[in-house]
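Chemist: The structure follows.
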Amino acid sequence: MKSSLDNADQILKEAANAVNTAPDIHAIDIIKSTYLGKKGKLTDILRKLGGLSEEERPKVGQEINLIKEKIVNIINERSQILKLAEIEANLQQESIDVTLPSRGQAFGSNHPITKVQRMLEDFFIKMGFTVVEGPEVETEFYNFTALNIPEHHPARTAHDTFYFHDDTILRTQTSSLQIRSMEKMKPPLRIICPGKAFRRDNDATHAPMFHQLEMLMVDESVNFANLKWLISKFIESFFKEKIEYRFRPSYFPFTEPSAEVDVKWKVGDSWRWLELGGCGVVHPHVLETVGIDPKRFRGLAFGFGIDRLAMIYYGIDDIRLLFENDLEFLEQF
Ligand code: DAH
């Protein structure tokens, strides 16, 4: 009995010494298992109590349990101190040097198409126009039929339409918004509709998704000369410097007469004409479809490619560059 207790006392001294000199919390964990673990020194003594007489066993057991409790207390106290020291050390190490220069902030910017679209909107808002938007998923009625493009008209195939099912498509032109707007608004009206259009096209000047700016003006006593004036003013103001452009007779089922507008632009070393879009006097059939009297009112309209305007404005020679989301390219603008 005496020797078990002596041993236990010895172990207490040893453990206390180890705990007090433990450099960190990790060392404490090791001490814990060395003395109190399943194969620990004190556990070993407790296990051997079986060899004592029945009288001695509870007494010695109690004593040893007291010693165990002491060791647990010493460990807890020291752990507390070491943990605090660790936090303190971390704080010292991680301290923030407020005198360091900051890393700076990367600011996003608008896409060149958005920038051009805003410039266009600004110009037309100043001229008294209202900006109108509408659905990109359209019905054939708004995209074709109401625009005087009959069922089997070649213009429908020329547009190479993306179909969802029979009657539902991705709009091939923002002209659909002419119809939607005239259904809702009474003339006189002046609107512009910037938006996306979709066609099965893909080359340097055509993308399957592109942007158009539709203009529609319905009023009494307006004519093609007014349309030419508006377009000329718009082109001259948008490009600021002198730019060469031309009106070329053309055909659209929803305008009569119709024209296309081309702008001279430089590709490499040579100058070429780039088609901006079409324009014309709204066909009387179109006005009738939306219940506007063509004898009293006349409509003037155009639909220009916003991406084309951006290409000329910024000197980009491939439309697809605009849609590749290459930040290095986009950050130039
Ligand atoms: N929607 C035509 C196209 O995408 C362009 C157009 C032509 C729009 C004449 C018009 C217009 O408003 O009057 O090819």
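The values are calculated or read from the model by the stated rules, or taken from the named source; none is laboratory data. Remember, predicted model here, so these are calculated numbers, not experimental data. When we count neighbours, we look across all protein chains shown, and the Cβ atoms used for this are built from the backbone with ideal geometry, even at glycine. Ligands, DNA and RNA are stripped out before the accessible areas are found, and what is left, the full protein with its side chains, is counted by its heavy atoms. Shrake-Rupley method; radii C 1.70, N 1.55, O 1.52, S 1.80 Å.
Chemist: Please identify the GluC sites (Glu not before Pro) of region 181-240 that satisfy two criteria: DSSP loop assignment and at most 14 other Cβ atoms within 10 Å. Which are they?
Modeler: Those that pass, being in a loop and sparsely packed, are Glu220.
Chemist: Next question. What FRET efficiency would be calculated for the residue pair Glu133, Arg248, taking the C-beta separation as r and a Förster radius of 35 Å, to the nearest 0.05?
Modeler: 0.75
Chemist: Let me ask something else about it. Go through region 107-181 and name the chymotrypsin sites (Phe, Trp or Tyr not before Pro) that are in a DSSP coil and have 14 or fewer other Cβ atoms within 10 Å of their Cβ.
Modeler: For chymotrypsin sites (Phe, Trp or Tyr not before Pro) across region 107-181 that sit outside H, G, I, E and B with at most 14 neighbouring Cβ atoms in 10 Å, the list reads Phe107.
Chemist: Spin-label point model (7 Å from Cα, Cβ direction): what's the Val267 to Glu56 distance in nm?
Modeler: Result for the modelled spin labels: 10.7 nm.
Chemist: Still on this structure, I have one more. Per residue of region 273-279, what does 6.51 cos²θ - 1.76 cosθ + 1.60 with θ = phi - 60° give for ³J(HN,Hα)? Whole Hz please, x for Gly and Pro, Karplus curve as stated.
Modeler: 8, 10, 6, 7, x, x, 7
Chemist: Is the shape of region 7-51 rounded, prolate or oblate, going by the alpha carbon gyration tensor and its root eigenvalues a ≥ b ≥ c, with a/c under 1.5 for rounded and a/b larger than b/c for prolate?
Modeler: Oblate is the answer for region 7-51, as a/c is 1.5 or above yet b/c matches or exceeds a/b.
Chemist: Of all the accessible heavy-atom surface of the chain, with the other protein chains kept in place and a 1.4 Å probe, what percent is carbon and sulfur?
Modeler: Exposed carbon and sulfur together represent 51 percent of the surface.
Chemist: Further question: Rounded to the nearest 0.05, what FRET efficiency do Lys240 and Ala155 have when you use their Cβ-Cβ distance and R0 = 56 Å?
Modeler: FRET efficiency, Lys240 to Ala155: 0.95.
Chemist: Find how much the distance from Leu46 to Glu77 grows on full extension, using 0.36 nm per residue of separation minus their present alpha carbon separation; answer in nm with one decimal.
Modeler: Contour length minus Cα-Cα distance gives 8.8 nm.
Chemist: Whose amide H sits under 5 Å from the amide H of Thr130, counting only residues 5 or more places off or on another chain, with H placed in the peptide plane?
Modeler: Here the answer is Arg190, Ile191, Ile192, since their amide H atoms fall under 5 Å of that of Thr130.
Chemist: How large is the helix-only mean residue ellipticity at 222 nm for the chain, computed as the sum of -39500 (n - 2.57) over DSSP H runs with n ≥ 4, divided by its residue count, in deg cm²/dmol to the nearest 500?
Modeler: Only helices count here, giving -13500 deg cm²/dmol.
Chemist: Taking only Cα atoms, what is the 0 to 90° angle, nearest 10, from helix 25-35's long axis to the longest principal axis of the chain?
Modeler: Around 40 degrees separate the two axes.
Chemist: Quick one: length gained pulling Asn226 to Phe123 fully straight, 0.36 nm per residue minus the C-alpha distance?
Modeler: Roughly 35.4 nm would be gained on extension.
Chemist: OK, next. Kirkwood Rh over Cα pairs of region 40-102 into Stokes-Einstein at 4 °C, 1.567 mPa s: D in µm²/s?
Modeler: Here the translational diffusion coefficient equals 84 µm²/s.
Chemist: Name the GluC sites (Glu not before Pro) in region 58-131 that are in a loop by DSSP and that have at most 13 other C-beta atoms within 10 Å, would you?
Modeler: Glu94
Chemist: Write down the Å³ per residue value for the convex hull defined by the alpha carbon atoms of region 280-333.
Modeler: Per-residue hull volume (Cα only) is 124 Å³.
Chemist: Roll a 1.4 Å probe over the protein chains and send me the accessible area per residue for region 197-306 in Å².
Modeler: Computed with neighbouring chains in place, this is 49 Å² per residue.
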